[in-house]
Amino acid sequence: MATGKINVSVDNIFPLIKKFLYSDHEIFLRELISNATDATLKLKHLSSIGEAKVEYGNPIIEIKVDKEGKKLHIIDQGLGMTEEEIKKYINEVAFSGAEEFLDKYKDAGKEAGIIGHFGLGFYSAFMVADKVEIITKSFKDEPAVHWSCDGSPEFSLKESDKKERGTEIILHIAEDSTEFLEEGRISELLKKYNKFMPIPIKFGTKTETLPKPEGAKEEDPAPTKKVDNIINNPNPAWTKQPADLKDEDYKSFYRELYPMQFEEPLFHIHLNVDYPFNLTGILYFPKLTNDLSVQKDRIQLYQNQVFVTDNVEGIVPEFLTMLRGVIDSPDIPLNVSRSYLQADGAVKKISSYITRKVADKLNSLFKNNREEFEAKWNDIKIVIEYGMLSEEKFFEKADKFALYPTVDGKFYTFDEMKETLKENQTDKDDKLVILYASDKEAQHSYIEAAKAKGYEVLLMDSPIISHLMQKLETTKENLSFARVDADHLDNLIKKEDTQISKLSDEEKERLKTNLEEVITDKGYTIQMEAMDSDASPFIITEPEFMRRMKEMQQTGGGGMFGMGNMPEMYNLIVNTNHELIGEILNTKTAKKRERLISQSLDLARLSKGLLKGEELTNFIKRSYEMVK
Ligand code: ADP
Ligand code: MG
């Protein structure tokens, strides 16, 4: 038996390891299983190139909980270590790695983002164990060794009688970490970190039901047998070639990733690149609602099939974090903070590669099956619109396939829309005015009025659409968006031919005074307009600019500061050519005039959805009186 001292300057490194990493103790299991996997894959490689003359077979990794003995075992059938290798890789290399880590992050260690994703490796075992043993037999013809260390820099090393090739790590779980002796907890960790690791991982056994033998009676129980409980899928879909996968395979992998998701994904994007960086993965477009609140099922980041995190912020462009799926890359530095990550060259390339792939996929869907693309538009538009707003490169590509639906269910691309509308909706200043509604029901009467003039009305109802319109107006030339209730139509799309007013200036003045006597609400600005005699007499409009600024501020940035809390401002457009207006003017009694005005105003408010509560009740009462 040999004893020795691990060569470190810090007297007792283990309390430090514990302290630094306390938030993420659970990763020790991932680290040890990664080592077991590496050892197995290395052996596979050596045997394939003829350097290890061994029967590789079908090695597995086994995890065993010994609750009574307070031990956790991680057993592999990999290449093992000789005494020399233990000294070199465990005593020297692994430990200097731990020391180096602590040195580097002594001050920064508490900064969020560092803790967790690092390569402390083997020594992370000491976060949960106060004694660790390694019993290992190399594939080389050398005696097995037994290393043990109780948490101080002292270790012992002796010969062992282990016969089978491979390594067993035994953790003597510390008093404060007994949670890791619970099967449920280990099982949870295996599912989280190891679900797709490349070597089968056994955790206990399970009972499998076999088919009944021939001639068995109805009431006979089906025979069962105990089989290894393999917790992982060593060949997840993203590691395969796209050509070898069918649509159904992608869907079933989605269910494997998110067992609690019952909605099918809309489509997937297989990522596969090995130069200038290495990245594989599958992204899914889920059905998204307008509710952008934090979602639970997020994109998962792996490194060589080992789960790292489901916080991919900084790696995937923000607008794509709404997607789901897997990204696997050994080229993403994990032991650095997020802000550093965003400045990293490789990460930037990865991010723009992903953006490009997503844009290309959307483009090919649009080109190859427009009908289906249109049918899915409502579910994917938020991602696309958000992307157009936040990534210039994406905007350029998406401009070809982003759709603009009309209230009648037609879909235009931007160019198609421009072509179709330009004839009828270009105003006298040569500006194309695109009319839209945000709510088909609430703005019904305005939509109808626009259609009556032969105008198209788009349906723009995503939460960030006002930002996108703003962007389109500044990127494209001679273009403006106007909601159908922003003004009366002849003002929204000004043409040369002005209507002649039936009223004289004197009459208009008198009418205005009449109206102002009755309409005392300061929220309304009265505006006289000579319109078609069959257009509504009173129309309430909400100026586009103010409304949009308010909306933009409510959905984050972009709008003018302080606009979010401004009260609503309305214009009351009075159609001076309407018969009813003439009647108001000619009415002799003030009482009747007042009734005509307030009833008309209420009708206009009703049509804009502004009549509510007590006012609505009064309006209804008054109307009943009138029909009597
Ligand atoms: P890393 O895995 O990053 O090299 P670790 O601290 O996790 O660092 O492991 C240190 C070294 O110890 C490994 O590189 C490997 O040589 C050796 N080692 C650890 N676990 C095993 C194992 N189960 N089988 C064989 N060698 C191992
Ligand atoms: Mg390791």
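The values are calculated or read from the model by the stated rules, or taken from the named source; none is laboratory data. For clarity, every value in this text was computed on a predicted model and none was experimentally measured. Note that each Cβ is placed from the backbone with ideal geometry, even for glycine, and that neighbours are counted across all protein chains shown. The area values use the complete protein model at the heavy-atom level, side chains included, leaving out ligands, DNA and RNA. Shrake-Rupley method; radii C 1.70, N 1.55, O 1.52, S 1.80 Å.
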Answer yes if at least one residue in segment 147-154 is among the charged types (D, E, K, R), at pLDDT 95 or above and farther than 16 Å from G69 by Cα, and no otherwise. no
Name the residue that is farthest from I60 (Cα to Cα), counting only residues in segment 71-90 that are in contact with a strand residue (DSSP E or B) (Cβ under 9 Å, 6 or more places away or on another chain), part of a helix (DSSP H, G or I) and open to solvent by 10 Å² or more (accessible area, probe 1.4 Å). K87
Evaluate segment 431-449: report whether one residue or more is without any contact (Cβ under 8 Å) to a residue 24 or more places away in the chain and touching a strand residue (DSSP E or B) at 6+ places or on another chain (Cβ under 8 Å). no
Only one of (1) in contact (Cβ under 8 Å) with a residue 24 or more places away in the chain; (2) open to solvent by 70 Å² or more (accessible area, probe 1.4 Å); (3) part of a loop (DSSP other than H, G, I, E, B) does not apply to A535, and that is (2)
Residues that are open to solvent by 40 Å² or more (accessible area, probe 1.4 Å) and closer than 30 Å to E55 by Cα, drawn from segment 148-167: K158, E159, D161, K163, E164, R165
Residues of segment 491-509 being out of contact with any Ser or Thr (no Cβ under 6 Å at 6 or more places or on another chain) and part of a loop (DSSP other than H, G, I, E, B), in sequence order, are I493, K494, K495, E496, D497, T498, Q499, I500, K502, S504
Report, by residue number, each residue of segment 221-255 that is touching a residue at least 40 places away in the same chain (Cβ under 8 Å), within 27 Å of V347 (Cα to Cα) and open to solvent by 40 Å² or more (accessible area, probe 1.4 Å). T239
Residue check, K512 in a loop (DSSP other than H, G, I, E, B) and either within 40 Å of the chain's Cα centre (by Cα) or closer than 14 Å to L572 by Cα (or both): no
So K522 passes all but one of these: (1) open to solvent by less than 80 Å² (accessible area, probe 1.4 Å); (2) among the basic types (K, R); (3) not in a helix (DSSP H, G or I). Which condition number does it fail? (1)
Can you tell me which residues in segment 191-212 are under 19 Å from K64 (Cβ atoms) and of a type outside the set (D, E, K, R)? Y193, N194, M197, I199, P200, I201, F203, G204, T205, T207
Neighbours by Cβ (under 9 Å, 6+ apart or cross-chain): first from segment 27-39, under 11 Å from G80 (Cα atoms); second near ligand 2 (Cβ under 9 Å from one of its atoms): N35/G121; N35/F122
